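Student: Have a look at this one before I ask anything.
The values are calculated or read from the model by the stated rules, or taken from the named source; none is laboratory data. Keep in mind the model is a prediction, meaning the values are calculated, not measured. Backbone-built Cβ (ideal geometry, glycine too); neighbour counts: all protein chains shown. For the accessible areas, the whole protein counts, side chains as well, though only heavy atoms, and no ligand, DNA or RNA atoms are used. Shrake-Rupley method; radii C 1.70, N 1.55, O 1.52, S 1.80 Å.
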Amino acid sequence: MPIVYAGADAGGHASFSDVALLKRMRRCGPWLTWLVSTLATQDRPEAAMGEDGRRIVAVDGTVICSPGDKKNYHILHTVYDVGAQCFLGAELTDRHTAERLDVCGVGKGEVRLGDRVYGRWRDLRAVTTAGADYVVRLSAKALALRTLKGETIDRGALCERAVTGGVLDETVMIHDAKSGERMEARVIVLPLPPEQAEAARRLARKKALKWGYTIGKKALATAGCLMLITSLPREAWPSARVLALYRRRWQVELAFKRLKSLIGLEELRVHDSELVSVWIHAVLLVALLIDAERPSAWREGPDSPRWAQGREGLFPSGDLSHCSALA
């Protein structure tokens, strides 16, 4: 729109002051939001991943700050299609709105990937209620986990067993204290490589020192492992495949990096929330148009032979060497 106004002014057809231009830009917010949501939800057949043809999406949010006070920031909540390598949807909120695993709506049959922040009863229940599945990184304390017999699960003990015996894949029950509901899930524990595990333990000790508490042996064992919780069935999705799948979540982090470093997502010069929304949705629109013009990830992507329909699943051999960078 600013280009149109600049062209009109240069051609002598109309003249706009800076204030008038800002007012018109502010009113473009809903229109740009509609364009982004419409373009992002276009059907992309190449998004299918694996022999079951399910859409794999990574959910994540990123902080965007206006100039000046960094405490007054916005959060861009996104859904990123791992197969098509593009954004499927985005929501912009203020800092008071929590991240949600069901942001932008959950499609039936999807598999949603999320980091620790999404390990909450409300998020996991929303995904399964919509007929989808999740793979979420599990923190040391989030969720009330019990065995099928109702016994409380000691996560530190699980991690110690994994360090000794290798990858664990346990069936658990998630309990919701408010409603009393229960939900079955799987906990997968992968011991990290020694160097990564030691780095994670050093970070845990540093946090303990900063906040003035003593970190225990089991907490250190938890820090040295990757814990995932998932609703995917064990028969079709063995632990090796789930771990390899979760590694794909990093694609959304790389997408954020491209938006910020190449397209200028964080180059905000305004404080007005409406103008912030206009800028961010304009950047997202540019990114979606670039995605629409580039060659299909299904045909050209370097990993497409492994993802093609009719072939075996992700890393069917059970090789976990692909998971070394999970931390």
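Student: So which of V167, V189, V242, V252 ends up being open to solvent by less than 10 Å² (accessible area, probe 1.4 Å) and more than 30 Å from C86 (Cβ to Cβ)?
Tutor: One residue alone meets the criteria, V189.
Student: Right, A204: touching a helix residue (DSSP H, G or I) at 6+ places or on another chain (Cβ under 6 Å), modelled with pLDDT under 90, surrounded by fewer than 19 Cβ atoms within 10 Å (Cβ to Cβ) and not hydroxyl-bearing (S, T, Y) or not?
Tutor: When the stated conditions are applied, A204 passes them.
Student: Conditions: (1) closer than 22 Å to G119 by Cα; (2) at pLDDT 90 or above; (3) in contact with a strand residue (DSSP E or B) (Cβ under 8 Å, 6 or more places away or on another chain). A177 meets all but one. Number of the miss?
Tutor: (2)
Student: Looking for something aliphatic (A, V, I, L, M), open to solvent by less than 20 Å² (accessible area, probe 1.4 Å) and either in contact with a Leu (Cβ under 8 Å, 6 or more places away or on another chain) or modelled with pLDDT of 75 or more (or both) - is there at least one such residue anywhere in region 26-39?
Tutor: Within region 26-39, one or more residues are aliphatic (A, V, I, L, M), open to solvent by less than 20 Å² (accessible area, probe 1.4 Å) and either in contact with a Leu (Cβ under 8 Å, 6 or more places away or on another chain) or modelled with pLDDT of 75 or more (or both).
Student: Then there's this: Any idea which of L268, L232, L243, L226 is part of a loop (DSSP other than H, G, I, E, B) and closer than 17 Å to L168 by Cβ?
Tutor: From the options L268, L232, L243, L226, the qualifying one is L232.
Student: Moving on. Does S231 count as touching an Asp or Glu at 6+ places or on another chain (Cβ under 8 Å), within 17 Å of S139 (Cα to Cα), of a type in the set (G, A, S) and open to solvent by 20 Å² or more (accessible area, probe 1.4 Å)? Spell out how you get there, then give the answer.
Tutor: Values: touching an Asp or Glu at 6+ places or on another chain (Cβ under 8 Å): yes; within 17 Å of S139 (Cα to Cα): yes; of a type in the set (G, A, S): yes; open to solvent by 20 Å² or more (accessible area, probe 1.4 Å): yes.
Yes: the conditions hold for S231.
Student: Now a separate question. K217 - would you say it is out of contact with any strand residue (DSSP E or B) (no Cβ under 6 Å at 6 or more places or on another chain), open to solvent by 30 Å² or more (accessible area, probe 1.4 Å) and in contact (Cβ under 8 Å) with a residue 24 or more places away in the chain?
Tutor: The answer is yes for K217.
Student: Of all residues being surrounded by 10 or more Cβ atoms within 10 Å (Cβ to Cβ) and either among the charged types (D, E, K, R) or under 22 Å from Y118 (Cα atoms) (or both) in region 62-71, which is modelled with the highest pLDDT? Just the residue, please.
Tutor: Across region 62-71, the extreme among qualifying residues is T62.
Student: Considering only region 309-327, I want to know if a residue exists there that is open to solvent by 40 Å² or more (accessible area, probe 1.4 Å), among the aliphatic types (A, V, I, L, M), within 30 Å of D94 (Cα to Cα) and modelled with pLDDT of 50 or more.
Tutor: Within region 309-327 (the criterion being open to solvent by 40 Å² or more (accessible area, probe 1.4 Å), among the aliphatic types (A, V, I, L, M), within 30 Å of D94 (Cα to Cα) and modelled with pLDDT of 50 or more), the answer is no, since none of the residues qualifies.
Here's the yes/no breakdown for (1) touching a Cys at 6+ places or on another chain (Cβ under 8 Å); (2) crowded, with 18+ Cβ neighbours inside 10 Å; (3) under 23 Å from S37 (Cβ atoms):
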| residue | (1), (2), (3) |
| --- | --- |
| V57 | no, yes, yes |
| D60 | no, yes, yes |
| Y73 | yes, no, yes |
| V79 | yes, yes, yes |
| C86 | no, yes, yes |
| V106 | no, yes, yes |
| G109 | no, no, yes |
| G119 | no, yes, no |
| G131 | no, no, yes |
